[in-house]
Amino acid sequence: MKKFYLTLAAVAALTFASQAQTEKGKFVVGGGLGFNTESVKDTDLKSTSFNIMPSAGYFVSDNIAVGVGLGYQWNKSEYDAEANVTERTNSAFAVAPFGRWYSANGPVRFFGQLSVPMSWGNQKVNDEKTANISNYGVELAPGIAYFPTSKIGLEFKVRGLYFNSNITDPEGGSAKTTVNSFGLNANSLAPTVGVQFYF
């Protein structure tokens, strides 16, 4: 009987904790950090990328948060055309306003996030600026969050439905190029994993 009451108390505590995170007036803080490098064996081909995107949101009503992410993206590619090494570097500052909706209370909750990622920066070849670059997009991403405590949420999210427009404006008056992409990426074998903090 004592074991039954302890189990009941644990379930009640988890339920209470899960109800405390997404109430109106609360904040959520999180973000992303990424680093990647790769090289091709027996060649001088090499690429490195880095990005950081901290984010913060505010619950305007129970289970509905709005917020923004601010960050920086950088990548560099190096290759050797018969010992004439060329480096191409892209760097950009990024902004991503978002809105997020959570399902009903519980320690495991589904959510949907609508975001509008944008970035502005430049492209350099051998340390000389060659173009301005900008990206504009819209993403609708589903996910699931598990709340082990009232202050921490562990998340698994897929990219979902997205549209992106990449604009390259070369120096010297050359014509702009715009590449638009649209798709659905719901690969459950490669989700984004994250931690959010609620207070």
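Laboratory data are not the source of any read-out in this text; all were calculated from the coordinates shown. Since we're looking at a predicted model, the values are computed, not measured. Don't worry about glycine lacking a Cβ; one is built from the backbone with ideal geometry, like all the others, and counts go over all protein chains shown.
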Quiz prompt | Point-charge dipole on Cβ atoms (K/R +1, D/E -1) for the range 2-198, about Cα centre, debye to 20 | solution = 1200
Self-check item: For a label point 7 Å along the Cα-to-beta-carbon line of Asp80, residues of the range 31-45 with backbone N under 17 Å
Solution: 38-45
Practice problem: Could you list which residues have their amide H under 5 Å from that of Lys26, counting only those 5 or more apart in sequence or on another chain, with H placed in the peptide plane? | Solution: Phe59
Quiz item: Going by how many other beta carbons lie within 10 Å of each one, how would you line up Phe163, Phe35, fewest first?
Solution: Phe35, Phe163
Self-check item: Where N is the number of residues in the range 26-107, Cα Rg divided by 2.2 N^0.38 Å
Solution: 1.66
Self-check item: Rough spin-label spacing in nm, given labels placed 7 Å along Cα→Cβ, for Val66 and Val40
Solution: 4.8
Self-check item: Estimated FRET transfer efficiency (Asn122, Trp101; beta-carbon r; R0 22 Å; 0.05)
Solution: 0.05
Exercise. Could you compute the FRET efficiency for Phe93 and Ala186, with r as their C-beta to C-beta distance and R0 at 35 Å, rounded to 0.05?
Key: 0.75
Exercise. Restrict the search to the range 96-197; then list the trypsin sites (Lys or Arg not before Pro) that DSSP places in a loop and that have at most 11 other Cβ atoms within 10 Å of their Cβ.
Key: Lys176
Self-check item: Mean shadow area of the range 2-198 over all directions, Cα convex hull, nm²
Solution: 14.9
